[in-house]
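One structure is given below, encoded as structure tokens.
The values are calculated or read from the model by the stated rules, or taken from the named source; none is laboratory data. The model shown is predicted, which means the values in this text are computed figures rather than measured ones. Note that we place each Cβ from the backbone using ideal geometry, even for glycine, and neighbour counts take in every protein chain shown. Side chains included, ligands, DNA and RNA excluded: accessible areas come from the protein's heavy atoms. Shrake-Rupley method; radii C 1.70, N 1.55, O 1.52, S 1.80 Å.
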Amino acid sequence: MEHEVERASTTDGLPVSISMGPMLEQAEVPTRAALVDGRVVYICILAIALAIIAGGVAQLLQHLIAIVTNLAFYGRFSSGPAQPSTQRLGAWVIFIPVIGGVIVGIMARYGSKAIRGHGIPEAMEQVLLNQSRVPARMTLLKPISAAIAIGTGGPFGAEGPIIATGGAMGSFIGQIIRTTAAERKTLLAAGAAAGMAATFGSPVSAVLLAVELLLFEYRARSIIPVALAAAAAAATRMAFGDPFPMFAMPLLEPQSGAAMSIYILIGAIMGLFATIVTRAVYAIEDAFDHLPIHWMWWPAIGGLAVGIVGYFAPRTMGVGYDNIAGFVSHHEVAVGSILLFVILKFISWSISLGSGTSGGTLAPLFTIGGGIGAVLGAGAAYLIPGAHLDPRLAALVGMAAMFAGASRALLASAVFAFETTLQPIGLLPLLGGCAAAYLVSCLTMRHSIMTEKIARRGVRVPAEYAADFLDQILVRSVMSPGVITLKTIDTLQNVRHWIASRAAGTTHQGFPVLDTAGVLVGVLTRRNLLDTETSDQTLVGELIRRAPSFVYEDLTLRDAADHMVRHDIGRLPVLSRASRQLVGIVTRSDLLKAHRTRLSESESMSAGWDSRGVVRAKS
């Protein structure tokens, strides 16, 4: 908007006053963003409604799995509890998972290829690449395909498909109403967290899982809706008459310091096993990629492996939550039978998952980790009787540490094991064991079981969530205080002569313009000032066409950077909030220079070490 230029002439005819102060009041200035606003409240309401629906869907999916299991293994139509492990079909049990694999393959080819896989990696991919837009048909196809795969003996838990379905529902709601990509991501994460909380009754770990694997941030406007959704879903689970911990344990005794050390060591060993399991799963998946048949038939091949293993070890089939409960509740450990079961469970699950069927990773990893932890705990108790190690707690640590190492969801893993057992004595060994597994996993494996597939497609998945460095530095700390300014009453002839003279000594590309009272009225670039189509007698103030963009000195560099991007400019005058006077200028170069401190500290700490942490020889 153009403003009139007020002129007052002196005896020599030159103007002495040009007032353009009102433009400063109309300028857009970055403000300190509020943590939450009315929009967040609206998203919270949507998240709670979504969670209640997801809680109902979780119940429906579990009943649907039971119906398919009853039909497939017992020839009856019932939603009552049923386990493939108690069937008496003999060799016919081999073909039931094959039939399930064929159905899932057909659904994937002619319905949606997205139903294949773990569930969480696919949701992560939509968050990172597709602005959290999950195809609407996934809300129907994913639970049905999972019910068929699990109900026909697939060695997966129900939680993976429920998490994926809840995320798809959240994304769908975010697409049918007007939302931003960030709000859709929040709704997707809220739906996924609700699915996990509705399955296990573990709302806190569900929130942590969403933060560590889906949100890639910790902000009030995202974590509040997710937390409310998880709480609502857990309450819905209780309303359906399931208020008890998922894996009930006898009350544990306080542990000795020696036992604590052993639990942490078990966690480190589980980190190695997590690396082995992850690499094996993707090696099998790569092997399927080289088969000379269409991928639609791969789930049938995976089903054949499930059936053959299930014939010899029926307990490997189905969700297997009872196996986990057995590991953490039985003090006596049959080492040989548990080792055999773990090996067969891993073979069945890894081949089936690698075939691209509709399955998950949480329950199988908990099962495998719990079994290995129980065996390691029993061995340590035998070798070091004075430590008074509890094999049940070792199984609990192994279960959580396996998932922490494989998924890199450290906090979610530790809290999950506590929430599903309600054993406070286990919190300390769980935290130590999961941290050790996380450390070993990071040292031995570049990507996790959740991110390897995405990384292979050339997508960079955030692995560290740090506070925005620019948001921690105020503009006054990096601005240049010595500002070269122009006056509104200056003529272009004088300004051009000053720029051309060696005395100017400046390469600045932008110049703040002040009126005679020292009030900022705008910013002009060198191009504006040297435009040959503008007369030498034109006053600098007459070139001002819009209100100035500026920042206050007490704002952050993040505020300044966002303001630069929003207005497509490379420099901002800095004003004092108290006096409204110009006190400096900040440029894009200043934003980059601000990182020097961070980089110098990081480089000094890592000096002498290579990227793998190996000491470099000094030359």
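Brief remarks follow.
- Residue in the range 272-306 that is modelled with the highest pLDDT, counting only those that are under 30 Å from Gly433 (Cβ atoms) and of a type in the set (D, E, K, R): Arg279
- The residue list Ala136, Ala91, Ala158, Ala123 contains one member that is open to solvent by less than 10 Å² (accessible area, probe 1.4 Å) and among the small types (Gly, Ala, Ser), which is Ala158.
- Within the range 310-328, the residues that satisfy the criterion of being open to solvent by 20 Å² or more (accessible area, probe 1.4 Å) and either in contact (Cβ under 8 Å) with a residue 60 or more places away in the chain or of a type in the set (Val, Ile, Thr) (or both) are Tyr311, Pro314, Arg315, Val319, Tyr321, Asp322, Ala325.
- Criterion applied to Ile276, Ile301, Ile264 was being open to solvent by 60 Å² or more (accessible area, probe 1.4 Å), without any contact (Cβ under 8 Å) to a residue 60 or more places away in the chain and not hydroxyl-bearing (Ser, Thr, Tyr), and the one residue passing it is Ile276.
- Of the helices (runs of 4 or more DSSP H) contained entirely in the range 524-606, those carrying at least 3 residues that are loosely packed, with under 14 Cβ neighbours inside 10 Å fall at 557-567, 588-593, 595-606.
- Selected residue [assigned to a loop (DSSP other than H, G, I, E, B), at pLDDT 85 or above and either out of contact with any Cys (no Cβ under 6 Å at 6 or more places or on another chain) or open to solvent by less than 30 Å² (accessible area, probe 1.4 Å) (or both)] from Leu443, Leu427, Leu422, Leu393: Leu422
- Close pairs from the range 58-75: first open to solvent by less than 60 Å² (accessible area, probe 1.4 Å), partner among the basic types (Lys, Arg) and part of a helix (DSSP H, G or I), Cβ under 9 Å, at least 6 apart: Ala58/Arg237; Gln59/Arg237
- If you filter the range 231-277 down to residues that are among the aromatic types (Phe, Trp, Tyr) and not in a loop (DSSP other than H, G, I, E, B), you find that the one that is nearest to Gly195 (Cα to Cα) is Phe273.
- Residue check, Ser256 polar (S, T, N, Q) and open to solvent by less than 10 Å² (accessible area, probe 1.4 Å): no
- Within this structure, Ala412 passes the test of being open to solvent by less than 30 Å² (accessible area, probe 1.4 Å), modelled with pLDDT of 90 or more, under 23 Å from Glu217 (Cα atoms) and among the aliphatic types (A, V, I, L, M).
Rundown of residues vs (1) open to solvent by 10 Å² or more (accessible area, probe 1.4 Å); (2) touching a helix residue (DSSP H, G or I) at 6+ places or on another chain (Cβ under 6 Å); (3) charged (D, E, K, R), yes/no style:
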{"position": "Val207", "(1), (2), (3)": "yes, yes, no"}
{"position": "Glu217", "(1), (2), (3)": "yes, no, yes"}
{"position": "Ala220", "(1), (2), (3)": "yes, no, no"}
{"position": "Leu228", "(1), (2), (3)": "yes, yes, no"}
{"position": "Ala231", "(1), (2), (3)": "yes, yes, no"}
{"position": "Thr236", "(1), (2), (3)": "yes, yes, no"}
{"position": "Phe240", "(1), (2), (3)": "yes, yes, no"}
{"position": "Pro245", "(1), (2), (3)": "yes, no, no"}
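- So Gly360, is it under 24 Å from Ala147 (Cα atoms) and crowded, with 21+ Cβ neighbours inside 10 Å: yes
- Residue within the range 456-466 that is of a type in the set (Phe, Trp, Tyr) and at pLDDT below 80 present: yes
- Qualifying residue in the range 160-180 (condition: farther than 25 Å from Leu439 by Cα, touching a strand residue (DSSP E or B) at 6+ places or on another chain (Cβ under 8 Å), assigned to a helix (DSSP H, G or I) and at pLDDT below 90): yes
- Ala82 modelled with pLDDT under 85 and either closer than 21 Å to Leu362 by Cα or part of a strand (DSSP E or B) (or both): yes
- Conditions (1) in contact with a helix residue (DSSP H, G or I) (Cβ under 9 Å, 6 or more places away or on another chain); (2) free of Cβ contacts under 8 Å to residues at least 60 places away in the same chain; number of the one not met by Val521: (2)
- Taking the listed residues Ala181, Ala190, Ala168, the one that is more than 19 Å from Ala234 (Cβ to Cβ) and surrounded by 24 or more Cβ atoms within 10 Å (Cβ to Cβ) is Ala168, with no other qualifying.
- Checking every residue in the range 489-505 against the condition of being closer than 30 Å to Ile544 by Cβ, open to solvent by 80 Å² or more (accessible area, probe 1.4 Å) and assigned to a loop (DSSP other than H, G, I, E, B) gives at least one match.
- Boolean, Tyr465 is assigned to a loop (DSSP other than H, G, I, E, B), open to solvent by 50 Å² or more (accessible area, probe 1.4 Å) and in contact (Cβ under 8 Å) with a residue 40 or more places away in the chain: yes
- Selection within the range 76-88 - of a type in the set (A, V, I, L, M, F, W, C) and either open to solvent by less than 30 Å² (accessible area, probe 1.4 Å) or under 13 Å from Gly302 (Cα atoms) (or both): Ala82
- Here Ala192 passes the criteria (1) within 22 Å of Val461 (Cα to Cα); (2) in contact with a Lys or Arg (Cβ under 9 Å, 6 or more places away or on another chain) except the one numbered (2).
- Of all residues in the range 95-111, those that are open to solvent by 30 Å² or more (accessible area, probe 1.4 Å), touching a helix residue (DSSP H, G or I) at 6+ places or on another chain (Cβ under 7 Å) and of a type in the set (A, V, I, L, M) total 5.
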